[in-house]
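Chemist: Mind looking over this structure? Questions follow.
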Amino acid sequence: MRIGTLKESYVADAALFDSATQKLWLGAGAALLVLFPFMASDYWLYLACLVAINVASAAGLNILTGYTGLVSLGQAAFMGLGAYTVAILQTRWGTPFLLNILAGGVVAMLGGLVVGIPSLRVKGLYLAIATIAASFIAHFLFANLSITGGTGGLAVPPASVMGVALDTSFRIYWLIVPVTLVLLLGAANLFRTRIGRAFIAIRDRDISAEVLGIPLLRYKLLSFGLSSFYAGIAGGLWAYFFRVVTPESFPLQMSIFFLAAIIVGGMGTILGSILGAVFMTMVPELLKFVFDLLPSTGHDMKVFLSPVRTVVFGLLIVGFLIFEPHGLAEVWRRIRRFFHLWPFRN
Amino acid sequence: MDWAYLFEISLTGLASGGLYALAALAFVLVYKATKVVNIAIGEMLMVGAYLFFAFAASFSLPIWLAVLGAMLGAGLLGAVIERTMIRPLLGEPPISAFMVTVGLGSILVGLVEIIWSADQRRLPEFVPSTPVMIGDAFLAPKVAYGALMAFVLIALVLLLFRFWRGGVALRATASDQGAAYMMGINVPRVFSLAWVVSAVIAALAGIVVGSIGGISSSMGVFGLSVLVVVIVGGLDSVLGALVGGLFIGLVEALAGAYLGGEYKLLATFLVLVVVLMIKPYGLFGTHEIERL
Amino acid sequence: MQSFQLSKTVSIGRRSLMIAAAAVGMTLPAAVHAQAGEDIVIGGSIPMTGVFAFAGVGINAGIADYVKIVNDAGGIKGRKLRYVPEDTAYKVDVSVAAYKKITSQNKVNLYYGDSTGFAKTINPELERNGQILMAGASFATELNDPKKYPHQFLVGPDYSEQVGILLRHIAKEKPGAKVAFVYSDTEFGRDPIETSEAAAKKLGLSVPIKIMTPPGSVDVSTEVIKLRRAAPDYTIFHGYILAPIPEFIQQGKQMGMTSKWMGTFWTMDSSTVMKLGEAGDGFMGVMPFRYYYDTSAKAPMLDKIRAMRPEYQSTAYTQGFLTAMLFTEAAKRTLDAGKPLTGDNLKAALNSIKDFDTGGIIGTPISMPGNSIPVGRVYRADMKAQRMVPASDWISVGK
């Protein structure tokens, strides 16, 4: 039972991982991540890679929406920008994949700035609506420019490390998961800095933040640019993972998916991004599993799998917003508190 | 410059703009009263169309009865939505209510797919099929009658807001909730009313849109064009819904005719971007004095 | 009351053990299944829900029925066929996931894919796997390329060939006619347009206008006005299932257009065309298969289908049925030659199919030298009889 924390220096107080328990758990988690690909089947590896990409993108969206309080429905469009950048660079110039992914992030960030400049000057949900517009404009560009291969899209050759092509889920796992971890670490560290605190101030009450000397437009743009950068990187990983990029790959529905992920996971926490992305990616699998268990009356029941999935998706968003607005991260925190304070109640 | 062609295109554009205006009206009603951006407006349209389909095709009721049934059903749905999903979030930041409507959209789409499957369907024909002729220009009858109904309804709503107690109460609640409470206005009742009426109007719009383009579980994307209309017209302005709708309808028609079908949506969203940059509160919206 | 012993080291160890056990548990089924390898597995990413559900359900039934017929007759050289489908809701990433799941749990030699997007995405994986012959619901022109897609094939003519069949028919009926194309702004819709425009010109036809509609567009009045202005003799719709065709035809007729209206495979299912209502009388289109109720010629397979399924089966069903038939034939020929079931061998066996009798499903014997079956017939809708009736002979546009 942990009664309190004792810190003897400012450095210790501001540290990300402060207790021995936490470090132990993280070590175990890291070990698990390393062992996982050797034990899992191809299908679970595929899921793991997909989850990791979603975690990266959700973390980016969380920076914008969870920490800075700006709703965006354009995460998928920025992922698309990153993915197409990677696809074009890889197919035309064969530049090293890390460079491509970085370039993808930068292009997406620039896109974010372009969208952000007009729409962040006005308060409220205008950013959300502007990002919807951005999604459509992006889709139009992807489908009609010749450099993006039109409606057919582009096929991406696999990334290769010293001659070894990363074309199986097992191999690309070792690219995706470390990149995601780096992004998560970056986001976690961001909120120990002045910039991160400024974001939180903007979310809580932006007029006060301005009074305190935080230039609103600049910091909002920074937040939007960062979140787009994350989306671009996630999109680049996506391109190397699926190896085909088409204009239909990044629909508005995907942006809604990420928004749902951070709502369900918990806005404003890194853990929330992870939990939300994992949960929302695995729920369809869970539903499929449940449907398989149902007595097989021919194909009658399976027809309802997809609409039930849609309904469950919507119910999760609504349910969490009404009953648990701080998401799964809050649930997790409550469980941890229970164990910390046991045998006391609270 | 083929003037006859331009006239014909513009006429059709304005008429389909009337449909946008109708759907935008439903949106504006909710925003005006409760400050909630209802992004599920397209899905509520869809529900109205499917209810009509159920009554008219599956139960074979006469058309007028089916329309009535759809309106009642939609109104009920509006009330339920307001009570269960919007009311609990009253004190929360508007982002929460917005995201609830995002979830609501998914729920509605899924429910429709469960009950009626995702197949595309046609609604029973009930509009007379002689084309409407204005001079030498053809106007498809469905679009014409739909636009006509839109104008009538908007005029009705404008009048109600001015002269009916309920309409005045709605405007009062919209401008200052606290003062409205003090004046004895039952604010929660006003909220319910706004959602019910909005749902009914959305259902009517859905029936018209459905009878033109058929119904399917992906009809809701119509709501995105409506979003552009309300931004252009002003999120809380009924007149803006009308003007914005006509304007966007015209822009889309001209873009489709002179540039090509793939430019329709692009043109619409470019207009959105321009409006956001120059006049973010739209043509007739109320200015909120919060700008950076 | 139980008292916890929450010593940290124990809990970490226990938790890791649980997770390790679960992970091993996940891999076990794969190991077990690898042993049961005698069955020939047909995997399927089938769109049983979503926008393509009506087709997916039909395809699923068609494949399942043919597999049943084969198994009832003893299988292929004593080996039974096993059909393993997964629903994809017509989404490419779900489709890919289904493929990975099925191929990791079974030894798959034949696969049915639900879309063009899936076929293109999965091609590199398919090549790496090397054991699978794949077909699907797509008739994309791009897939009809044995060099780029060596282990895939189309069960029917590709979209360009389909429009080509329509154009041939038009050129015969009315030489020098004006043909308009109305298509959707999707990959599906854009697919055959360029090649078809060139083909039309070669046949002496002119293309006064090509109209592209945004997907999911509700109001097509402006497009109809454009179409009317071009005054075509024939209008070919492509890239749609139903909407917005009825609206086009209705408004076009109201505005006095005299064009004849035509469609391609996915519009031409009998039940879909009948939904056009009054406006659809005389609607024509290309269909490579005989319809369920067709009794115009001897068709033992159609009789069998009618015996198995007393209610109307869609053309999607027929497509699935024929796919299974071709899969079976390829597997049979490979095994007959004593070769193992690999992608290369199966494809070679498929390509050796010459003048093959499909039991009446396609009106002429077919050959498969390339990736498609470039044969089809033009049908016309007879609204009074609620049937599709043949409007031409079987036309082959083979290269």
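Values in this text are rule-based calculations from the coordinates and carry no lab data. As the structure is a computational prediction, the values presented were derived from the model and not from experiment. With ideal geometry, Cβ positions are generated from the backbone for all residues, glycine too; neighbour counts draw on all protein chains shown.
Chemist: Take every DSSP beta bridge with both residues inside the protein assembly as shown and express the antiparallel ones as a percent of the total, to the nearest 5.
Modeler: Taking every DSSP beta bridge within the protein assembly as shown, about 40 percent pair in antiparallel fashion.
Chemist: While we're looking at this one, here's another question. Less than 10 Å Cβ to Cβ from A:Gly69, Lys/Arg counted +1 and Asp/Glu -1: what total charge do the surrounding residues give?
Modeler: So the environment of A:Gly69 carries a net charge of +1.
Chemist: Quick one: angle between helix C:193-202 and the longest Cα principal axis of chain C, in degrees between 0 and 90, rounded to 10, please.
Modeler: Its long axis makes an angle of about 40 degrees.
Chemist: Continuing with this model, one more query. Taking the highest mean first, how do the peptides B:133-145, B:100-112, A:132-144 order by number of other beta carbon atoms within 10 angstrom per residue?
Modeler: Highest-to-lowest ranking by the protection proxy: B:100-112, A:132-144, B:133-145.
Chemist: For the stretch B:3-278, give the magnitude of the charge dipole about the Cα centre (Cβ charges: +1 Lys/Arg, -1 Asp/Glu; no others), in debye to the nearest 20.
Modeler: Dipole about the Cα centre, nearest 20: 660 debye.
Chemist: If exposed means no more than 12 neighbouring beta carbons inside 10 Å and the site is in a DSSP loop, what's the longest run of chain C without any exposed GluC sites (Glu not before Pro)?
Modeler: Result, exposed sites excluded: C:39-310.
Chemist: Which residue, C:Thr334, C:Leu322, C:Ser217, has the largest displacement toward the positive end of the dipole of chain C when charges sit on each Cβ (Lys, Arg +1; Asp, Glu -1)?
Modeler: Positive-most Cα among the choices belongs to C:Thr334.
Chemist: Which net charge results for the neighbourhood of C:Ser217, defined as the other residues with beta-carbon distances under 14 angstrom from its beta-carbon, given Lys and Arg at +1 and Asp and Glu at -1?
Modeler: With Lys, Arg at +1 and Asp, Glu at -1, the neighbours total -4.
Chemist: OK, next. Mind checking the mean number of beta-carbon atoms from other chains within 10 Å of the Cβ atoms in A:316-325?
Modeler: 6
Chemist: Here is a further query. Charges only on Cβ, +1 for Lys and Arg, -1 for Asp and Glu: so what's the dipole of the protein assembly as shown about the Cα centre, in debye to the nearest 20?
Modeler: The dipole of the protein assembly as shown has a size of about 1460 debye.
Chemist: Taking amide H atoms as placed 1.01 Å from N in the peptide plane, list the residues 5 or more away in sequence, or in a different chain, whose amide H sits under 5 Å from that of C:Gly50.
Modeler: Counting only residues 5 or more places away or on other chains, the set is B:Ala118.
Chemist: Choose one of A:Leu341, A:Phe257, A:Ser119: the residue whose Cα lies farthest towards the positive end of the charge dipole of the stretch A:33-341 (beta-carbon charges +1 Lys, Arg; -1 Asp, Glu; about the Cα centre).
Modeler: Checking the options against the dipole of the stretch A:33-341, the answer is A:Leu341.
Chemist: Take each uninterrupted DSSP H stretch in chain B, measure its Cα extent along the helix axis, and return the ones at 24 Å or beyond whose mean Kyte-Doolittle hydropathy is at least 0.0.
Modeler: The answer, listed by residue number, is B:3-34, B:63-81, B:94-116, B:141-163, B:187-213, B:238-258.
Chemist: Any idea what the relative contact order of chain B is, in percent, if you count C-alpha pairs under 8 Å spaced at least 6 apart?
Modeler: In percent, rounded to a whole number, it is 36.
Chemist: Rounded if a/c is under 1.5, else prolate if a/b is larger than b/c, else oblate: which is chain C, with a ≥ b ≥ c the root eigenvalues of its Cα gyration tensor?
Modeler: It is prolate, given that a/c is not under 1.5 and a/b is the larger ratio.
Chemist: Using a Gaussian network model of chain C with C-alpha springs under 10 Å, which one of C:Pro374, C:Pro85, C:Pro124 is most mobile by mean-square fluctuation?
Modeler: Its mean-square fluctuation being the largest, the pick is C:Pro124.
Chemist: Sticking with this one: What lysines sit close enough to A:Lys288 to cross-link, taking a C-alpha to C-alpha distance under 28 Å and skipping anything fewer than 8 places away on the same chain?
Modeler: Within reach: A:Lys302, C:Lys68, C:Lys80, C:Lys91, C:Lys100, C:Lys101, C:Lys107, C:Lys120.
Chemist: Among B:Gly214, B:Gly13, B:Gly245, which one shows the highest mean-square fluctuation when chain B is modelled as a Gaussian network with alpha-carbon springs under 10 Å?
Modeler: Most flexible of the set in this elastic network: B:Gly214.
Chemist: Shifting gears a bit: When a/c reaches 1.5 or more, the comparison of a/b and b/c decides; with that in mind, is the stretch A:105-242 rounded, prolate or oblate per its Cα gyration tensor?
Modeler: Note, shape of the stretch A:105-242 comes out oblate.
Chemist: Per residue of C:186-193, what is the mean number of Cβ atoms on other protein chains within 10 angstrom of that residue's Cβ?
Modeler: For peptide C:186-193, the averaged partner shielding equals 3.
Chemist: Another one. Counting partner chain Cβ atoms within 10 Å of every residue's Cβ in C:94-105, what's the average?
Modeler: 4
Chemist: Pick out, from C:Met262, C:Pro244, C:Phe289, the residue whose Cα sits farthest towards the positive end of the charge dipole of the stretch C:215-320, with +1 on the Cβ of Lys and Arg and -1 on the Cβ of Asp and Glu.
Modeler: Of the listed residues, the answer is C:Phe289.
Chemist: Enumerate the amide H contacts of C:Gly43 below 5 Å, restricted to partners 5 or more residues apart or on another chain; note that Pro and chain-start residues carry no placed amide H.
Modeler: C:Val84, C:Asn109, C:Leu110, C:Tyr111, C:Tyr112
Chemist: Right, another one. Is the shape of the stretch A:33-341 rounded, prolate or oblate, going by the alpha carbon gyration tensor and its root eigenvalues a ≥ b ≥ c, with a/c under 1.5 for rounded and a/b larger than b/c for prolate?
Modeler: Cα axes put the stretch A:33-341 in the rounded bin.
Chemist: Let me ask another. What number, rounded to the nearest 500 deg cm²/dmol, is the helix-based mean residue ellipticity at 222 nm of chain C, given -39500 (n - 2.57) per DSSP H run of at least four residues and division by all its residues?
Modeler: About -13500 deg cm²/dmol.
Chemist: Here is a follow-up. Stokes-Einstein D for the stretch B:3-278 at 10 °C, 1.306 mPa s, Kirkwood Rh over Cα pairs, in µm²/s?
Modeler: The estimated diffusion coefficient comes to 83 µm²/s.
Chemist: Further, regarding this structure: At what distance in nm do the modelled label points of A:Ala30 and B:Asp176 sit from each other, each positioned 7 Å from its Cα along Cα→Cβ?
Modeler: In this crude spin-label approximation the distance works out to 6.1 nm.
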